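Read the structure below first, then the notes.
The values are calculated or read from the model by the stated rules, or taken from the named source; none is laboratory data. Because the structure is a prediction, the values reported are computed rather than measured. Methodologically, a virtual Cβ is constructed for each residue, glycine included, from the backbone with ideal geometry; neighbour enumeration extends over all protein chains shown. Ligands, DNA and RNA are excluded from the accessible area calculation, which covers all protein heavy atoms including side chains. Shrake-Rupley method; radii C 1.70, N 1.55, O 1.52, S 1.80 Å.
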Amino acid sequence: MSQPNRVEHQLTDKGYVPVYTTAVVEQPWASYTATDHEVWATLFERQQTLLVGRASDEFLRQQRLMGMSPDHIPKFDELNPVLRKATGWELIGVEGLLPELTFFEHLANRRFPVTWWIRKPEQLDYLSEPDLFHDLFGHVPLLMNPVFADYMAAYGRGGVKAHAIGPEALVNLTRLYWYTVEFGLIRQDDGLRIYGSGIVSSKGESIHCLDSAAPNRIGFDLERIMRTRYRIDTFQKTYFVIDSYEQLMEATRPDFTPIYARLAQLDSFPAGAVQPGDAVFNRGTGEGWLDDGDV
Ligand code: PHE
Ligand code: CO
């Protein structure tokens, strides 16, 4: 078997640019070094401990059921039968970021792309693109939940459709992914919890999103989210809170085509601005916010 590539962003005269790759690869499990396995173990144990009482009950429950452990980097081939049986999803290995349409097509067909390589020891706290830890630890547990699994597949189909409609529709849809799948919070009877993958795979943001007074925490509202810009290089200024995964599924069931058309006439919202009509759990103090950099 040939060794797959490790595709990362590149430094050009225009600064760092993302690089895209479409290859689907075998997980080269035998090629992981002792350091790779140690990075996995360190991150896994650190987040496991931190996420008790912070991650949603369902995330933690499904993570246990999947049987990932800190002992070594999991084998996709061992997780796949468990995942397939639960929700019909499967993991496929990829070399890095996928072009949008390719990504959507995988999701629509219940294939979740997982980056085969893991970050370096000096990147434990931050790296600017998904790696194996983010993809596997962060995304895969909720793919075991039937409702969330359906949401992700529906999102993929919605992505294929938005891609055909045009770039503005895609921007709206990408914000939805960002503020739910990557950075979503959920309200449990015993308080707010994390379900977003971008948060559960980050030590700093796992603490910040729930404990800090700086960010807004606002009730989920589909069109509000689709109009809201976001941060890719700092903690989020605003988190959106769902009541249940069913709420997410129901809210996104309608055809988005007329919504995209309507939103095209409206301005977007800055990442940190509270709007009239928001259901505010916490109005952020804005402490530490940078003024520029919403995308
Ligand atoms: N209902 C959306 C559409 O018509 C598809 C979608 C479902 C998007 C779930 C996101 C999440 O485009
Ligand atoms: Co992700």
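For the stretch 114-125, 3J(HN,Hα) computed residue by residue from phi via the Karplus equation (6.51, -1.76, 1.60; θ = phi - 60°) reads 10, 4, 6, 9, 10, 4, 7, x, 7, 10, 4, 8 Hz, glycine and proline entered as x. For GluC sites (Glu not before Pro), no site in the stretch 1-100 is both called loop by DSSP and has at most 10 other Cβ atoms within 10 Å.
Annotation for Gln48 and Ser268: the two label points, set 7 Å from Cα along the Cα-Cβ direction, are 3.9 nm apart.
How much length, in nm to one decimal, is gained on full extension between His9 and Asp211, taken as 0.36 nm per residue of separation minus their Cα-Cα distance?
Gain on extension, His9 to Asp211, equals 69.6 nm.
Whole-Hz Karplus values for the stretch 190-200 come out as 9, x, 6, 9, 8, 10, x, 5, x, 7, 4 Hz, taken residue by residue from phi with 6.51 cos²θ - 1.76 cosθ + 1.60 and θ = phi - 60°; glycine and proline positions read x. For the stretch 232-295 and the stretch 9-26, what is the separation of their C-alpha centers, rounded to whole Å? Result: 28 Å between the Cα centres. Computed over the chain with a Gaussian network model linking Cα atoms closer than 10 Å, the most mobile of Leu107, Leu263, Leu142 is Leu263. For the pair the stretch 138-176 / the stretch 42-88, the C-alpha centres are spaced 22 Å from each other. Rounded to the nearest 20 debye, the dipole magnitude of the chain is 440 debye, with +1 charges on Lys and Arg beta carbons, -1 on Asp and Glu beta carbons, and the Cα centre as origin.
Coupling constants for the stretch 288-293 follow from the phi torsions by the Karplus curve (6.51 cos²θ - 1.76 cosθ + 1.60, θ = phi - 60°), and in residue order they are x, 6, 8, 6, 10, x Hz; glycine and proline get x. Of the trypsin sites (Lys or Arg not before Pro) found in the stretch 84-155, no site is in coil according to DSSP while having at most 10 other Cβ atoms within 10 Å of its Cβ.
Just in the stretch 119-199: which chymotrypsin sites (Phe, Trp or Tyr not before Pro) are loop by DSSP and have at most 15 other Cβ atoms within 10 Å? Spell out each step's value before the answer.
Details: sites: Tyr126, Phe133, Phe137, Phe148, Tyr151, Tyr155, Tyr177, Trp178, Tyr179, Phe183, Tyr195; in loops: Tyr126, Phe183, Tyr195.
Those satisfying the criteria are Tyr126.
Distant-in-sequence amide contacts of Gln188, defined by a placed amide H-H separation under 5 Å and a gap of 5 or more residues or a different chain, comprise Arg193.
In this structure the amide hydrogen of Ala55, modeled in the peptide plane, comes within under 5 Å of the amide hydrogens of Ile194, none closer than 5 places in sequence on its chain.
In the elastic network of the chain, a GNM with C-alpha springs shorter than 10 Å, the most mobile of Pro141, Pro18, Pro81 is Pro18. So what's the net charge close to Ala30: Lys and Arg +1, Asp and Glu -1, counting the other residues with Cβ under 13 Å from its Cβ? Value of the local net charge: -2.
Calculated from DSSP H runs of 4 or more alone, at -39500 (n - 2.57) each and per residue, what is the 222 nm mean residue ellipticity of the chain, nearest 500? Intermediate results must be reported in sequence, preceding the final value.
Working: 12 runs with 115 residues, N = 295.
The helix contribution divided over the chain gives -11500 deg cm²/dmol.
Given R0 = 35 Å, the distance between the Cβ atoms of Val82 and Glu246 translates into a calculated FRET efficiency of 0.90. Of the candidates Gln236, Gln47, Gln123, which one comes out as most mobile in a Gaussian network treatment of the chain with C-alpha springs shorter than 10 Å? Looking only at Gln236, Gln47, Gln123, the largest GNM fluctuation is found for Gln123. Among Thr35, Ile165, Pro130, whose Cα sits farthest toward the positive end of the charge dipole of the stretch 26-170 (+1 at Cβ of Lys/Arg, -1 at Cβ of Asp/Glu, about the Cα centre)? Comparing the listed Cα positions along the dipole, Ile165 ranks first.
Counting protein heavy atoms only, the chain has 52 percent of its accessible area on carbon and sulfur, 1.4 angstrom probe.
Rolling a 1.4 Å probe across the protein heavy atoms gives the stretch 115-257 an accessible surface of 34 Å² per residue. Among the protein heavy atoms, those of Arg157 account for about 140 Å² of accessible surface (1.4 Å probe, every chain in place).
Close amide-amide hydrogen proximity is noted between Asn216 and Thr238, Tyr239, Gly284, each under 5 Å apart and 5 or more residues distant or on a separate chain (H modeled in the peptide plane; Pro and chain starts excluded). Just so you know, the Cα atoms of the chain work out to an Rg and Dmax of 18.4, 57 Å. Close Lys pairs in the chain, defined as Cα atoms under 20 Å apart and 8 or more places apart or on different chains, number 4.
Helix 34-50 versus the longest principal axis of the chain: what angle, 0 to 90°, nearest 10, using Cα atoms? That works out to roughly 40 degrees.
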